[in-house]
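Every number here is computed from the coordinates shown, using simple stated rules; none is lab data. On a predicted model such as this, the values are computed, not experimentally measured, just so you know. Positions of Cβ are generated from backbone atoms using ideal geometry, with glycine treated the same way; all protein chains shown enter the neighbour counts.
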Amino acid sequence: MNIAEALKIALQSLWANKLRSVLTLLGVVIGVAAVIAVVTFVSGINDYVAQKVFNLGADVFIMFKVSPAVTNVDHYLEGEKRKDLTLEDYYAVAEACRHCELVAASTRNESGHVKYGEQSISDTTIRGMTPGMATILDIDLSSGRMVNETDVNNRLPVVVIGNDIVEHLMPGIDPLGREIRIDGWPYRVVGVAKKKGSTLGQSADNFVMIPITTCMKQYGSHDATLRIMGKAAGGGVPLNEAIDEARVALRARRHDQPGAEDSFDIETNASLLGIWTSFSQTFFIATIGIAAISLVVGGIVIMNIMLVSVTERTREIGIRKALGARRDDVLLQFLIESVTLALTGGALGVLFGVSIALSVTLLIGMPSSIKLWAVLAGLVVAASVGVFFGVYPARKAAKLDPIVALRYET
């Protein structure tokens, strides 16, 4: 028996029992769909994190009171007891880091209320920053200018606004030079940032950027810790040299004892991405484990249905053997039916998984990225399930005695 003929007979057999075949497919469809959806979401989020969240470049480092990427609870609790990073710390690092092209600082993001005329918008992210922060974070403007040193030194009430502020409060109006109120304080608009869009249903354009000194004046500096960012100078200067200079300056400033641990954390783009990747891989493995259970259940259902099929077709098997079919021909026939059933479920699972991922992306903006290797892996896994759980029914069919099979009454 050739493969094409065996495949044709397999499809005819599955089509003859459509309802049973569809119900048999469900376990494989759910398992493969879950795998494809998870891989698509994890890949999409990883790409988004790499491009948007931690897109700092290979030459940038960040100094925190305690890193937000810390996974050790004890380290985090100990870090919260440290002294806050201050503007004086920032100035010390900026002066000492000779291998830094830029050193900048920003406050923790506040959430506030912005008003223009009778219109207002809530939950706006308020970023206090020094001028270099915009360059390091690669923030572009659509009009106007960025916060500068004069604004910082004189605590001027100026602001760069995100696109949401323009669309909600000033539609059809040139915002430059206009006065808005942020939590009741008046600010003059000097710049408008380019639109970024939204992710996970949250807008990335609902923000304002003000001079760091103005922010500390309005919201208080006694309980505000900064983050300090540095960008290594061009010309092939190693990032480690810039980090070492910044570390020495900050240790001296904070009176860290020789041999003692730093009283602050330093992260790079690579370390932040590494921590996130480790977390996403853990989530991925856990979800794949759950999906594997569905595949195993689907495989068991396929095996049971194939055993039922062998019983129902005992007389047919006897006739084929009497006409010259060898044991291997019967084995191949039922194995192909099992694999065809599983592959059909795998293909449907891929379609459902991709459809679910794309639907969620359209509804809430969840990043997704369809990977060809994931689609191929889903089909290979489905085929493997068909082979593994189809061997026993196929062998049982192949071992039937043709005389006994011909006498079998259904």
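Report the gain in length on full extension from LEU362 to LEU77: 0.36 nm times residue separation, minus Cα-Cα distance, nm rounded to one decimal.
Values: separation 285, 0.36 × 285 = 102.60 nm, distance 3.88 nm.
Going from the current span to full extension adds 98.7 nm.
Need the list of lysines near LYS321 for cross-linking: C-alpha distance under 24 angstrom, and skip anything on the same chain fewer than eight residues off.
Here the lysines satisfying the reach criterion relative to LYS321 are LYS8, LYS396, LYS399.
Under a GNM of the chain (C-alpha, springs under 10 Å), which listed residue has the highest mean-square fluctuation: LEU77, LEU341, LEU226?
LEU77
Return the unpartnered cysteines for the chain, using a Cβ-Cβ cut-off of under 4.7 Å.
Result for the chain is CYS215, no neighbouring Cys Cβ within the cutoff.
Pick from GLY144, GLY345, GLY378: which is most flexible by mean-square fluctuation in a GNM of the chain where alpha carbon atoms under 10 Å apart are linked?
Result for the chain, Cα springs under 10 Å: GLY144 fluctuates most.
Count the DSSP beta bridges whose two residues both fall in the chain, then state the antiparallel fraction as a percent rounded to the nearest 5.
Around 80 percent of the beta bridges assigned by DSSP in the chain are antiparallel ones.
Compute the acute angle (0 to 90°) between the alpha-carbon long axis of helix 372-398 and the principal axis of greatest extent of the alpha-carbon atoms of the chain; round to the nearest 10°.
20 degrees
Can you compute the modelled spin-label distance between LYS18 and HIS255, with each label point 7 Å from Cα toward Cβ, in nm?
About 8.3 nm, to one decimal.
With springs connecting C-alpha atoms under 10 Å apart, model the chain as a Gaussian network and identify which of PHE283, PHE61, PHE207 has the largest mean-square fluctuation.
Maximum fluctuation in the GNM of the chain, among the listed residues, is at PHE283.
Pull out the extension gain between ASN154 and ILE173, defined as 0.36 nm times the separation in residues minus the alpha carbon to alpha carbon distance; nm, one decimal.
In short, 4.0 nm is gained.
By how many nm would the segment from LEU323 to ASP84 lengthen if fully extended, with 0.36 nm per residue of separation less the alpha-carbon distance? Walk me through the intermediate numbers first.
Working: separation 239, 0.36 × 239 = 86.04 nm, distance 8.76 nm.
Extra length available between LEU323 and ASP84 comes to 77.3 nm.
Give me the distance in nm between label points sitting 7 Å out from Cα along the Cα-to-Cβ direction at ASN304 and LEU376, one decimal.
Result: 3.5 nm between the two label points.
On a 0 to 90 degree scale, rounded to 10, what angle separates helix 327-364 from the longest Cα axis of the chain?
Between the helix axis and the principal axis of the chain, the angle is about 30 degrees.
What nm distance separates the two modelled labels at LEU137 and ASP401, each placed 7 Å from Cα along Cα→Cβ?
8.2 nm
Using the Cα atoms as the points, what is the convex hull volume per residue of the chain in Å³?
Looking at the chain, the number lands at 207 Å³ per residue.
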